[in-house]
Amino acid sequence: MDFTYHKKLSPIVGVILALAFVETIVLHVIAMALWGWKVAIVIGLLDLSLVVMLYRMIRSFRLNPITIRDNIVTMRRGRTMGVPIVIDEIKHFRTTWSGDDLKAHYVLSMALAAWPTVMFDLKNPIIRRGKSITAIAHCVDDPERFQLAVRQINQARV
């Protein structure tokens, strides 16, 4: 079962992509005027690599959805992050959360700059980059369907 998140995250990264593209053009013109074409080309190539990276990030959101397979939910954020979680380890879904909740050291927010649509607590902490994580937040396009699927699989196993 696959669950998308690109409809919520792509527009935010798309705005950053558009700003990076404009910045590339403006900086290229300024560098050309101040330092010449050699410096402008180097700066332009560096900026262009950022634009390409952002474009590929947006594409990876669509190509790497959240998956539920073999009792494992793999929470993904493009190709940059994937966290496999056994469904039995999901304690409960939260109905509300605050900005302070999302900033807590034990929360892994995979929603980038978007407000998460799903947040759940884990029964046992997982270690992620040296941090003990007990809650995960993400910006799933269809949070009700995602929560229902996890609950149904959990109930079927009991």
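Derivation of every value follows stated rules applied to the coordinates shown; laboratory data play no part. Everything quoted here is computed from the prediction, not taken from an experiment.
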* Asked: Given the C-alpha centroids of the stretch 103-158 and the stretch 24-50, what is the distance between them in whole angstrom?
  -> 42
* Just one of (i) 17.1; (ii) 17.5; (iii) 15.7 is Kirkwood radius over Cα pairs in Å as worked out from the coordinates here. Which one is it? -> (ii)
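With runs of 4+ DSSP H residues as the only contributors, calculate the mean residue ellipticity of the chain at 222 nm using -39,500 (n - 2.57) per run, divided by the residue total and rounded to the nearest 500.
Values: 4 runs with 77 residues, N = 158.
Per the formula, -16500 deg cm²/dmol.
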* Asked: Which helices, taking whole DSSP H runs in the chain, have alpha carbons extending 27 angstrom or more along the helix axis plus mean Kyte-Doolittle at least 1.0?
  -> 6-35, 37-63
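How high is the relative contact order of the chain, given as a whole-number percent (alpha carbon pairs under 8 Å, six or more residues apart)?
Details: 231 pairs, mean separation 36.0, N = 158.
Reported as a whole number, the value is 23 percent.
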